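Below: the structure, in structure tokens.
Just so you know, all these numbers are worked out from the coordinates, no wet-lab data involved. This structure is a prediction, so every number in the text was calculated from the model and none was measured. For neighbour counting, all protein chains shown are included, and Cβ atoms are generated from backbone atoms with ideal geometry for every residue, glycine included.
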Amino acid sequence: MDQPFAGKVALVTGAGSGIGEAVAMELAEGGARLLVSDLKAEAAERAAAAIRAAGGQALAHQADVTDPAAVQAMVALAESHFGALHLAVNNAGIAGARVNTADYPLDSWQRIIDVNLTSVFHCTKYQVAAMLRAGGGAIVNMSSILGSVGTPGAVAYVAAKHGVVGLTKAVALEYAGQGVRVNAVGPGYIDTPLLSRFDRETHDGLKTLHPAGRLGTAREVSALTCFLLSDRAAFITGSYHLVDGGYTAR
Ligand SMILES: NC(=O)c1ccc[n+]([C@@H]2O[C@H](COP(=O)([O-])OP(=O)(O)OC[C@H]3O[C@@H](n4cnc5c(N)ncnc54)[C@H](O)[C@@H]3O)[C@@H](O)[C@H]2O)c1
């Protein structure tokens, strides 16, 4: 079996569900040792247990990525437990209120920016330092199609996901010469628990937004993410890659 991540240590946030869980599993299948982190301790433990049951190595960890001290401790744990940090996926995120801007609650704006954008700064800040200590590494930040196009009723989410793309480019430029690559992934609508807030009719309507005629799967996002983390993507940094069934092509 191909083991592109043999000898690597990886950290995935929001790894207790959906896309993050799929990425963690695929990294483990590729030979990485994993810190599986999530706000929900039980979800992290369940995902880590699934990896161990499949023969991988994973340690569950609880952290709120909006807390910089918790993020610093998370990165320190990866280094102390596994010896280094080489790969990271900053994937934790939440959906926001579906309200147009004039009525958008101020606290919802702040919450979405904190969880979906500021957290990525916290994570990247401490991960880059650890990767420099390890002699190099690669980071993928989870943006969205809404990192390049807008949608009505989601001003904070759209702003945060565009911000993730900009942050990714800025950090990539700072460390491109020191062996740390940083890229962003932009999924279309993916069939995960994040979409559970939509009723069946809305859920089905989302499919029609994609020329492919369906929602994506977490594993399809994981495939792109893991490619970007692998040495096959050694010349790819500072860029934003879509996995969206054609959503942004029209
Ligand atoms: N599902 C989609 O359609 C879709 C599309 C584009 C982008 N995304 C992005 O992909 C990422 C993963 O989404 P998903 O669909 O797998 O969602 P999900 O809800 O299935 O999983 C998200 C995970 O993040 C965790 N999390 C939330 N807040 C956190 C915090 N403060 N600290 C640590 N962990 C936290 C949750 O506990 C959960 O386990 C998100 O950043 C999301 O914005 C999702």
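Within the chain, how many lysine pairs that are 8 or more places apart, or on different chains, have C-alpha atoms less than 20 Å apart? All intermediate terms of the calculation are to be shown ahead of the outcome.
Working: Lys8/Lys125; Lys125/Lys161; Lys125/Lys169; Lys161/Lys169.
Counting lysine pairs in the chain gives 4.
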In Hz, Karplus ³J(HN,Hα) per residue of the stretch 2-9 (6.51, -1.76, 1.60; θ = phi - 60°; x = Gly, Pro): 5, 10, x, 10, 4, x, 9, 10
Net dipole in debye of the chain [+1 Lys, Arg Cβ; -1 Asp, Glu Cβ; about Cα centre; nearest 20]: 360
Summing +1 for each Lys or Arg and -1 for each Asp or Glu, what net charge is found among the other residues whose Cβ lies under 13 Å from the Cβ of Gly55? +1
Once amide hydrogens are built 1.01 Å from N within the peptide plane, the residues lying 5 or more places from Ala92 or on another chain with amide H under 5 Å from its amide H are Thr13, Gly14
Part-to-part distance (alpha-carbon centres) for the stretch 205-237 and the stretch 1-67, which is given in Å: 18
Karplus-derived 3J(HN,Hα), 6.51/-1.76/1.60, for each residue of the stretch 209-217, Hz, glycine and proline x: 6, 9, x, 5, x, 7, 7, x, 10
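Rounded to the nearest 500, what is the 222 nm mean residue ellipticity of the chain from helices alone, with -39500 (n - 2.57) per DSSP H run of 4+ residues and division by all residues?
Working: 8 runs with 106 residues, N = 250.
For the chain, the value works out to -13500 deg cm²/dmol.
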Which one of Leu132, Leu11, Leu228 has the biggest mean-square fluctuation once the chain is modelled by GNM with Cα springs under 10 Å? Leu132
Among Val171, Tyr126, Ala159, whose Cα lies farthest out toward the positive end of the dipole of the chain, if unit charges sit on the beta carbon of Lys, Arg (+1) and Asp, Glu (-1)? Val171
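Quickly rank 236-242, 157-163 as a protection proxy: mean count of other C-beta atoms within 10 Å, highest first.
On the way: 236-242: 17.7, 157-163: 22.4.
Descending packing order for the listed peptides: 157-163, 236-242.
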Assuming a viscosity of 0.890 mPa s and a temperature of 25 °C, what translational diffusion coefficient in µm² per second does Stokes-Einstein assign to the stretch 9-244, Rh being the Kirkwood radius over Cα pairs? 139
Local charge sum around Ala10 (other residues, Cβ-Cβ under 11 Å, Lys/Arg +1, Asp/Glu -1)? +1
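Under a Cβ-Cβ cut-off of 12 Å, what is the net charge of the residues other than Cys226 that fall near it, where Lys and Arg count +1 and Asp and Glu count -1?
Surrounding charge for Cys226 is -2.
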What's the exposure ranking of Asp114, Asp199, going from fewest to most Cβ atoms within 10 Å? Asp199, Asp114
For the chain, what does the relative contact order come out to in percent, with C-alpha contacts under 8 Å and a separation of six or more? 19
For the chain, which DSSP H helices look membrane-span-like by this rule: Cα extent along the axis of 24 Å or more and mean Kyte-Doolittle of at least -1.0? 155-175
